[in-house]
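Notes for the one structure printed next.
Every number here is computed from the coordinates shown, using simple stated rules; none is lab data. All values derive from a computational prediction rather than experimental measurement. A quick note on method: Cβ atoms are made from the backbone with ideal geometry, for glycine too, and the neighbour counts reach across all protein chains shown.
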């Protein structure tokens, strides 16, 4: 998908705007007659020139034409290439230019045999009056001065350099720091060389021509040394530990050598052409030299690609099949396609350069460099993030902590805090590269005006729209990638343990995060589509207005819905309740069954489900958090031994604790609290215990049973409601009298009304 | 013995060079200052004894150098050894002309040259000679400094003195050359007057006969030199018929090199970019290159007397040899370097490292 986007962008760019040069040439070819008249008049004497000029300027028609031409130069009309006539005009101009250039090339090629002679004549002319040998002496002296100072520098600092090179940094950050330190040292030495050589150069008196040549050679050498220094900083060919790129030693050395060769040939080729230019060599000879230099440079580039390409191919083959010669014969050799493609590209670029079709050449080069640059940059970002922390230390924790399983699990599961930023960094790098490419292409094709969107041609409009769309999509993808990664990472760290009755805070994250992700997705899509629509030129004002009105209407109507959602978020954030806890809201109570975005479902212990919107939760009572204390009471007669009860409760507690089913749910032991109250017929003795919420019933059941058993064994009776009728009489009562007394007593017993059974599980 | 002689003759030649160059730097003041200061700097060297000493030292040093070249088992060597060798071999042909004009010429009937006459030759009459002279100054200075520094590095006084010596190494020749340029400018100006040129020519070529003699001697000397050099190289080649047997060297830190025989263990390390301490440059003097032989000691030749002396001086253990001296035969050998590669001269004699580097005197 991305590749198709890039190809479409490329096609549009090549056809979008006319380069300024072809346009001006066309004008020159077309409107040259006026200017030639003025040129010929320049051959007369200067006085007559001035008179002529004054005469011409007083002619209003000439002045008007001059003004028109000036304004045309100021506002070049660009050909609207996406229309048929515009394209025809552009192509015609292009063909004329290419034809002219081809003529120049052929002319200079035909003059090749006489080239050497022409050059030596020109050289002799320029060298006349210069003292070659004296200059040679000066050159030797300033070279000695430059290199001598550099040598002196290293006398004092080579130990430091060796120490730096022998340190073994573990993380990428440290590698970068130490490599930078080394680069600083190398910079110092190169700077001293510059200081020594240029300083002494200035001190001598040079004849102008030789002086220029020597200076340009010196500058060339200094430029090469700086390139070498930067390459050493990045590639570190001799020191594996300080390499910033994921290469092995041999590959780094190979690349370094090729960089030196290519930059050397490039720099000195350029300097040679520059010198020849200054020698006022005939232009066709100069062109011939330029062509030869360009050809040499191109061939060196192609040679470099073939050499490094085939090395990597050999490495690939040997890494895949090892040293097995038989399978080597069976394995089809990996194709040379990429190498051939790149060589062809370089050749085409050379030909384009030769014909001075600079804009297309640069476009081709930049676009073909874009893909490998992006791939390389993303690989570099991955490499940096892989090495950003010290893996050797983590490994030692894993091997050293065999007895501590928790630590092991933690170090392998917990991701480092940098890894969150990896996808962001990769996308950011890609984004920056695309932006830089587009800007460079814009500079190449001279499209500064387009970015200010005051354009009026169709092709410029399309180009502008495409830039807007591309940027909007890139930014949206960027934000989405960041959000999604952060949320996914958080979700993956949530481990919901099965079988735990009250799950921890991870559960609410598991609810919230997908919600947030959906909201983020919706927002991004909405905003991107609005941006797209607006850049296409559609007036989104009415859409925004309509959406606004709809939003207000929905908002008013959905007030309570929004209130529910927002309250719910806050309840979840505060961890007021969790799924599985027993809560009480108003007069509704039950276990939390599930939580949705707007309401919570609570199951009563008898089976009924209450659905409670969050907005209704003024306050909430949670019975299942952390611990519950249960207090039990017994009525015992007044003459019961309290101390005995205490001991018996202790025994019961021991038995309870040992129970395998619920013993571990007991947080604090069963304790006797002594006498709580005195009532009419009995004392109330209380015991209490603290248990895990939800399990107290289990314990209470057995507690009651065992207390009853142990009281019975030890002769403690529970209080019974009895009425003792004291008869003050000297004789035994008759049966009738006894029944009468009993029924009277019965009434007073029945007067004590028990409280209704509480509604609890 | 021969190494010591080479060192001493080298020191003699080098001290002459320093005097001459310091003299030349007075050219920055003026031509007359140059001439006047000549007495002070060169008064010993201008005497007959001085000249004889110089000539004898030069012949001895050159001969001993050629003998060392003959004794090399292979022409593969480290960059610094190569530079030292090539520069040394280039000195004689380039310098012989100057030597003839200034030293030997007066001995066979020519006139004593002045700075004026020689500078006129360099800057006006035959500029190519001037260029040659500048080049040979650089060559001699670099060759001499390399030799001197390699000897001085392992002396105990070196760490104190090093900081002051290095700037001199750059400063002395630079000032001398700049002095030559300045005095040259003055000489060029003087030679606008043809009388001066006439004077210089008279000094340089007092008579045709002397001149012919000098030229004849020059040619014979150069021809002789090249013949001797060629024969030394041929003789060396004949002596060392290369056999292509392989040697496998394994270090205890895991690196392993498979190389052809004929190199010392130090050279093997150097060729393969493995850092290996060697403060005296492979001359069996400092002992920092010593290695413990874990396996393959039967492939090594007997220790020479200088090696034994050095090993004794650093209190080396029985299975330790100097890597710069031993050339193993073909086979497999396992060794361990004993001194860290980044050792500096100042650590050689310090008490901290004394036990490992130079050994403590017990």
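Things worth noting here:
- Between helix B:2-24 and chain B there is an angle of about 40 degrees, using the helix long axis and the longest principal axis of the Cα atoms.
- Rounded if a/c under 1.5, otherwise prolate or oblate - segment A:581-622, Cα gyration tensor axes: oblate
- Segment A:152-294 shape via C-alpha gyration tensor axes, a/c threshold 1.5: oblate
- For segment B:186-342, the relative contact order works out to 26 percent when only alpha carbon pairs closer than 8 Å and six or more residues apart are counted.
- Theoretical FRET efficiency, 1/(1+(r/R0)^6), r = Cβ-Cβ of residue A:217 and residue A:303, R0 25 Å, to 0.05: 0.50
- Shape of segment A:533-573, Cα gyration tensor, a/c cut at 1.5: oblate
- The alpha carbon centroids of segment A:659-676 and segment A:623-639 are separated by 10 Å.
- Helix axis angle, B:158-190 relative to chain B longest principal axis, alpha carbon, degrees: 20 degrees
- The modelled label-to-label distance for the pair residue A:625/residue B:226, using points 7 Å beyond Cα in the direction of Cβ, is 10.4 nm.
- In degrees, nearest ten, helix B:208-239 long axis to first principal axis of chain B (Cα): 10 degrees
- FRET efficiency estimate (nearest 0.05) - Cβ-Cβ, residue A:661 to residue A:596, R0 25 angstrom: 0.10
- 15 Å cut-off, amide nitrogen to a point 7 angstrom out along residue B:29 Cα→Cβ, residues in segment B:181-220: B:183
- Annotation: for a label point projected 7 angstrom from Cα along Cα→Cβ of residue A:510, residues of segment A:565-582 with backbone N closer than 14 Å are A:578-581.
- When only Cα pairs below 8 angstrom with a gap of at least 6 residues are kept, segment A:581-622 shows a relative contact order of 37 percent.
- Spin-label model, residue B:189 to residue A:271: label points 7 Å out along the Cα-to-beta-carbon direction sit 3.3 nm apart.
- Label separation (residue A:157 vs residue A:729): 12.7 nm, computed from points 7 Å beyond Cα along the C-beta direction.
- Alpha-carbon centroids, segment B:232-276 and segment A:248-306: separation in whole Å: 38 Å
- Theoretical FRET efficiency, 1/(1+(r/R0)^6), r = Cβ-Cβ of residue A:704 and residue A:646, R0 22 Å, to 0.05: 0.80
- Whole-angstrom gap from segment B:66-87 to segment A:207-246, using each part's C-alpha centre: 30 Å
- Length-normalised contact order for chain B - Cα pairs under 8 Å, 6+ apart - percent: 19 percent
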